[in-house]
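Trainee: Before I ask anything, let me first share the structure, which is written out below as structure tokens.
The values are calculated or read from the model by the stated rules, or taken from the named source; none is laboratory data. Everything quoted here is computed from the prediction, not taken from an experiment. Glycine also receives a Cβ, built like all others from the backbone with ideal geometry; neighbour counts cover every protein chain displayed. The protein model used for the area step is the full one, side chains on, heavy atoms only, and it has no ligands, DNA or RNA in it. Shrake-Rupley method; radii C 1.70, N 1.55, O 1.52, S 1.80 Å.
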Amino acid sequence: MHQGVSISYFWSKDFLLSKKMLWLLFITNLLGTVYGYKWYWLQMVDTIAENPLWYVFFVPDSPTASLFFTLSVGYLIVDRSMGKSSSKVYQAIRGFVEAFALITSFKYGIWAVTMIWAGAWQGVPVGWDGWMLTCSHLAMALEALLFVRWYTYRMPAIVIVACWTFWNDFMDYERGVFPRLPDVLVSNYYATIEGFTISLSLISIVIALICLRIRQNRAL
């Protein structure tokens, strides 16, 4: 008698690390990254015009997160095609990319969805683009958690990404380069949003640490 595919199959190694799935994720996230930078383009132009040039690196949070997740998928594709490299430099760079992908994808995936629906709670209309951004950012957070099982980052990578993440929060809320939000949120809940963002940074870093510890224990 024919048996259907178990739901657990869809987060299994056989499914997620198949070449078709990896390439699908790579292309989808790459296109999402391009769209994200386009979405931030005007804010990036304004930031360059009004501030030191280097401020612009702290503007496009979500597309930068999805860019690094795309790169992390690229490493898995290379593993499938060529095998893992033993180069220490390669492993160090890869670890940084993976830690950055995990921490920022989870953080900004949850952050964006929260801001969209906090705005909706305050009467801001949620159009088709709001629903699209909700789905895509939830996917960002979910895929980072699904693929962390095959990440290779170590503690130094987490420390570097943690420093970047908190510095990004400082730039966002002390230098004013946070993603543009509805006026009703900025005027009434600025401090709350700042605190929520920093809390998400901390939670995302803790998740990365927990996953590292689990991986190390399994290797014993």
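Trainee: Just want the answer: with Cβ charges of +1 for Lys and Arg and -1 for Asp and Glu, which residue in Pro52, Ile27, Ser66 is farthest toward the dipole's positive end in segment 1-69?
Mentor: The residue sitting most towards the positive pole is Ile27.
Trainee: Here's something else I'd like to know. Using every alpha carbon pair in segment 86-125, what percent of pairs falls into each 5 Å bin from 0 up to the bin containing the largest distance?
Mentor: Each 5 Å bin holds this share of Cα pairs: 6, 21, 15, 13, 11, 10, 8, 7, 5, 3, 2.
Trainee: Still on this structure, I have one more. Given the protein chains as shown and a 1.4 Å probe, how many square angstrom of Cys163 are accessible, to the nearest 10?
Mentor: 90 Å²
Trainee: Could you give the length gained on full extension between Phe196 and Cys135, defined as 0.36 nm per residue of separation minus the Cα-Cα distance, in nm?
Mentor: 19.9 nm
Trainee: I've got another one for you. Of (1) 17.0; (2) 19.3; (3) 18.6, which one was derived for Kirkwood radius over Cα pairs in Å from the structure shown?
Mentor: Read-out from the structure maps to (3).
Trainee: Also, I was wondering about something else. Hey, any idea what the orientation-averaged projected area of the convex hull of segment 153-220's Cα atoms comes to, in nm²?
Mentor: The number I arrive at for segment 153-220 is 5.1 nm².
Trainee: What is segment 12-133 by shape, rounded, prolate or oblate, if you read a ≥ b ≥ c off the alpha carbon gyration tensor as root eigenvalues and call it rounded for a/c under 1.5, prolate for a/b larger than b/c, and oblate otherwise?
Mentor: Oblate is the answer for segment 12-133, as a/c is 1.5 or above yet b/c matches or exceeds a/b.
Trainee: Further, regarding this structure: Separation between the Lys13 and Val45 pseudo-spin-labels, each 7 Å from Cα along Cα→Cβ, expressed in nm?
Mentor: With each label placed 7 Å out from Cα toward Cβ, I get 4.9 nm.
Trainee: In nm, give the distance between the simple-model label positions of Phe57 and Ser85, each being 7 Å from the Cα along the Cα-to-Cβ direction.
Mentor: Distance between the two pseudo-spin positions: 2.1 nm.
Trainee: Add +1 for every Lys or Arg and -1 for every Asp or Glu among the other residues with Cβ under 13 Å from the Cβ of Lys107, and state the total.
Mentor: Net local charge, Lys107 excluded: -3.
Trainee: List the lysines whose alpha-carbon lies under 20 Å from that of Lys19, not counting same-chain residues fewer than 8 positions away?
Mentor: Lys84
Trainee: Using only helices, what value at 222 nm comes out for the chain when you add -39,500 (n - 2.57) per DSSP H run of length 4 or more and divide by the total residues, to the nearest 500 deg cm²/dmol?
Mentor: Estimated from H runs of four or more residues: -26500 deg cm²/dmol.
Trainee: I would also like to ask the following. What aspartates and glutamates could a cross-link reach from Lys20, if we take a straight Cα to Cα line under 18 Å and drop same-chain neighbours fewer than 8 places away?
Mentor: Partners within reach: Asp79, Glu143.
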